[in-house]
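Asks: This is the structure I want to talk about, given as structure tokens.
The values are calculated or read from the model by the stated rules, or taken from the named source; none is laboratory data. Quick caveat, the model's predicted, so the values are computed rather than measured. Heads up, the Cβs are rebuilt from the backbone with ideal geometry, glycines too, and the neighbour counts pull from every protein chain shown. Surface accessibility is based on the protein's heavy atoms, side chains included, excluding ligands, DNA and RNA. Shrake-Rupley method; radii C 1.70, N 1.55, O 1.52, S 1.80 Å.
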Amino acid sequence: MKEFDYIIIGGGCAGLSLAYELEINDKLKDKTLAIIEPRNEYKKDKIWSFWKVSPHNFDDCIKKSWKNFSINIPGKTNHLKCDNYPYQSIDSGLFYEKITCKLKENENIFFFKDLKEINSKNSFIFNSVSSLKKDHRNLWQHFCGVEIETQNNFFDDEIFNLMDFDCEQKESVHFFYTLPYSKTKALVETTWLSKMNDRSQKDYDNQIKDYIENFLNLKNYKITYKEEGAIPLFYPTYEETKNKINIGTAGGMTRLSTGYTFLNIQEHSKYISKNFENISKAKKFEINKKYQFLDDIFLKVLEKHPEKMPDIFFKMFKSSPKTVIKFLSNKSNFFEDLSIIMKMPKWTFLKALLK
Ligand SMILES: Cc1cc2nc3c(=O)[nH]c(=O)nc-3n(C[C@H](O)[C@H](O)[C@H](O)COP(=O)(O)OP(=O)(O)OC[C@H]3O[C@@H](n4cnc5c(N)ncnc54)[C@H](O)[C@@H]3O)c2cc1C
């Protein structure tokens, strides 16, 4: 069976981002790489959105970018600006096409459907496949979104809605997220932060229909695309091995308090590429420990007091948007962290810390 210098298991966001980063930095000129990906074809299956706090390779895959956003709780709306760090949405269809075209130019890169097709014994492995089960004891961010199209102008495409908590909470944390791509097109998503043990939360289609028709008061529209997913709000546990690095969600690249992963994957790919020649000895790349610590407390509060979360998120955004964005995107300094912490209900967080 054929052997390769490197293997990437999973040609999804992290696997392809890494292969692309290695390719554009000429790391695979004299080395062979096998990418293991079971899917038969690449097509749009996700929209990745984030505040652009650091450069990435996919500006040409951006569907839309915004400099204004809002957050709602019943009876209150906060309009905010994000000119310093625009919020970007990447179309995964364009992303897959760009990367697969680029990788085809290198004869040292091969795609396989199953790891069993090659001999992996002597290769260095980058693994993006996790064996996480939808365990009911853990917290997940689970969601379903639809892209809709209207006949007449309906949306204000200058501003997106990050969180609209003015909806049924069912003793969990629930919000709607709306990204207007144009005056006639938008992604509307129902999102839950919960343990996924309440089946009624998964009635996504009805929730979205009700929100669009009765809350947004939009009757005439058609659904053009649908995405559904669940992001683990806990870190996967793996044995560390000498010749293997986990990447993507499997590599702990999700910021647990937000579910944002895309930009962390890009930074991890750049780190691996920079240290590629000595990768087995490089320090493990991870989300800064201070965020791991703060998110742990945050999620404890979320689990114990879901009813307080809409207000907590709303209050968090009372700090300057630039500070909150930096905090949620792992870029804040000590004073910015402090300014966010001061906005939180101190006694509730202190009790969670001491638990
Ligand atoms: C619907 C959805 C929307 C999201 N939106 C955002 C967002 O807006 N912003 C953000 O920052 N994050 C978002 N995320 C979180 C995160 O960015 C994505 O999940 C991202 O795709 C994670 O990349 P990954 O490479 O770890 O996993 P994936 O992209 O899922 O890649 C894993 C790959 O492994 C392949 N695979 C599966 N089993 C095997 C196997 N046995 N052997 C080999 N390969 C296998 C799969 O086919 C897949 O291609 C979203 C997640 C989902 C599910």
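Asks: Calculate the dipole size of region 216-355 relative to its Cα centre from +1 charges on Lys and Arg beta carbons and -1 charges on Asp and Glu beta carbons; express the result in debye to the nearest 20.
Replies: Computed about the Cα centre, the dipole is about 320 debye.
Asks: Sorted from largest down, give the three principal axis spans of the alpha carbons of region 1-65, whole angstrom values.
Replies: Sorted largest first, the three principal extents are 46, 28, 15 Å.
Asks: Roughly how many whole Å is it from the C-alpha centroid of region 92-135 to that of region 290-313?
Replies: That distance is 35 Å.
Asks: Okay, moving on. How would you classify region 1-124 from its alpha-carbon gyration tensor, with a ≥ b ≥ c the square roots of the eigenvalues: rounded for a/c under 1.5, else prolate if a/b is greater than b/c, otherwise oblate? Intermediate results must be reported in sequence, preceding the final value.
Replies: Values: a/c = 3.05, a/b = 2.41, b/c = 1.27.
Prolate, since a/c reaches 1.5 and a/b exceeds b/c.
Asks: Next up: For the chain, what is the mean residue ellipticity at 222 nm derived from helices alone (per DSSP H run of n ≥ 4: -39500 (n - 2.57); sum divided by total residues; nearest 500 deg cm²/dmol)? Please report the intermediate quantities before stating the final value.
Replies: On the way: 9 runs with 94 residues, N = 355.
The helix-only estimate for the chain comes to -8000 deg cm²/dmol at 222 nm.
Asks: Could I ask something else about it? Just the C-alpha atoms of the chain: what Rg/Rh do they give, with Rh taken as the Kirkwood radius? List each step's numbers first, then the result.
Replies: Values: Rg = 21.0 Å, Rh = 21.6 Å.
On the Cα set of the chain, Rg over Rh gives 0.97.
Asks: If you place +1 on the Cβ of every Lys and Arg, -1 on the Cβ of every Asp and Glu, and leave all else neutral, what size is the dipole of region 81-161 about its Cα centre, to the nearest 20 Debye? Mind dumping the intermediate values first?
Replies: Working: 10 positive and 13 negative charges, 157 e Å.
For region 81-161, the charge dipole is close to 760 debye.
Asks: Per 0.36 nm of contour for each residue apart, how much would the distance between Met1 and Asn278 grow if the chain were fully extended, relative to their Cα-Cα spacing?
Replies: Working: separation 277, 0.36 × 277 = 99.72 nm, distance 2.65 nm.
Gain in length upon complete extension: 97.1 nm.
Asks: More than 19 angstrom separation, counting every C-alpha pair in region 106-233; what % is that?
Replies: Details: 4768 of 8128 pairs.
Summing the P(r) tail past 19 Å for region 106-233 gives 59 percent.
Asks: I'd like to know which of Ser194, Asn246, Pro232 lies farthest towards the positive end of the charge dipole of region 151-278, counting +1 on Cβ of Lys and Arg and -1 on Cβ of Asp and Glu.
Replies: Asn246
Asks: Something else now. What whole number of Å gives the distance from the Cα centroid of region 175-206 to the Cα centroid of region 1-41?
Replies: Region 1-41 and region 175-206 have Cα centres separated by 33 Å.
Asks: Evaluate the distance, in nm, between pseudo-label points positioned 7 Å from the Cα of Asn206 and of Asp83 along their respective Cα→Cβ axes.
Replies: With each label placed 7 Å out from Cα toward Cβ, I get 4.6 nm.
Asks: Students often check this: by mean Cβ neighbours within 10 Å, which of 124-130, 278-284 ranks highest, and how do the rest follow? Mind dumping the intermediate values first?
Replies: Working: 124-130: 21.3, 278-284: 10.4.
Peptide ranking by packing, descending: 124-130, 278-284.
Asks: Roll a 1.4 angstrom probe over the protein heavy atoms and tell me the percent of accessible area of the chain that is carbon or sulfur.
Replies: With neighbouring chains kept in place, the figure for the chain is 50 percent.
Asks: On to the next question. Give me the Å³ per residue figure for the convex hull around the C-alpha atoms of region 228-268.
Replies: Values: hull volume 3.3 nm³, N = 41.
Once divided by residue count, the hull of region 228-268 is 80 Å³.
Asks: Give me the one-decimal nm value for the distance between modelled label points at Glu171 and Lys331, 7 Å along each residue's Cα-to-Cβ direction.
Replies: 4.0
Asks: What is the angle, in °, between the Cα long axis of helix 262-274 and the longest principal axis of the Cα atoms in the chain? Nearest 10 is fine, range 0 to 90.
Replies: For 262-274 against the chain, the angle is about 30 degrees.
Asks: Per q in 0.21, 0.22, 0.25, 0.31 1/Å, what log10 I(q)/I(0) does a Debye calculation on the alpha-carbon atoms of region 55-102 return?
Replies: With one equal scatterer per Cα and no solvent, log10 I(q)/I(0) is -0.76, -0.80, -0.89, -1.09.
Asks: While we're on this one: Along the positive direction of the dipole of region 94-228 (beta-carbon charges: Lys, Arg +1; Asp, Glu -1; about the Cα centre), which of Phe175, Asn127, Phe95 reaches farthest?
Replies: It is Asn127.
Asks: Identify, among Pro306, Gly11, Ile340, the residue whose Cα sits farthest towards the positive end of the charge dipole of the chain, taking +1 on the Cβ of Lys and Arg and -1 on the Cβ of Asp and Glu, with the dipole about the Cα centre.
Replies: Ile340
Asks: Still on this structure, I have one more. Output the direction-averaged projected area (hull surface divided by four) of the convex hull of the alpha-carbon atoms of region 76-148, in nm².
Replies: That works out to 11.1 nm².
Asks: Classify region 217-304: rounded, prolate or oblate, from the alpha-carbon gyration tensor (a ≥ b ≥ c, eigenvalue square roots; a/c under 1.5 rounded; otherwise prolate if a/b is larger than b/c)? Please list the in-between numbers first.
Replies: Details: a/c = 2.73, a/b = 1.60, b/c = 1.71.
Oblate, because a/c is 1.5 or more while a/b does not exceed b/c.
Asks: Sticking with this one: Go ahead and run the numbers for FRET between Asp156 and Glu240, Cβ-Cβ distance against an R0 of 51 Å, rounding to 0.05. Could you put the intermediate results ahead of the total?
Replies: On the way: r = 49 Å, r/R0 = 0.96.
About 0.55, to the nearest 0.05.
Asks: If you don't mind, there's one more thing I want to ask. If packing is taken as the average number of other Cβ atoms within 10 Å across a peptide's residues, how do 244-253, 96-105 rank, most packed first? Mind dumping the intermediate values first?
Replies: Working: 244-253: 23.5, 96-105: 15.7.
By packing density, highest mean first, the sequence is 244-253, 96-105.
Asks: How large is the accessible surface per residue of the chain, computed with a 1.4 Å probe and reported in Å² as a whole number? Can you show the working numbers first?
Replies: Working: 17620 Å² over 355 residues.
Per-residue accessible area for the chain comes out at 50 Å².
Asks: Let me ask something else about it. Given N residues in region 282-337, what is Rg(Cα) / (2.2 N^0.38 Å)?
Replies: On the way: Rg = 12.9 Å, N = 56, 2.2 N^0.38 = 10.2 Å.
Region 282-337 yields a ratio of 1.27.
Asks: Which distance in nm do the two modelled labels at Gln292 and Lys67 give, with both placed 7 Å along the Cα-to-Cβ direction?
Replies: 3.8
Asks: Here's a follow-up. Between Lys183 and Lys346, what FRET efficiency follows from the Cβ-Cβ distance if R0 is 45 Å, with the result rounded to 0.05? Numbers along the way, then the final one.
Replies: Working: r = 43 Å, r/R0 = 0.96.
That gives a FRET efficiency of 0.55.
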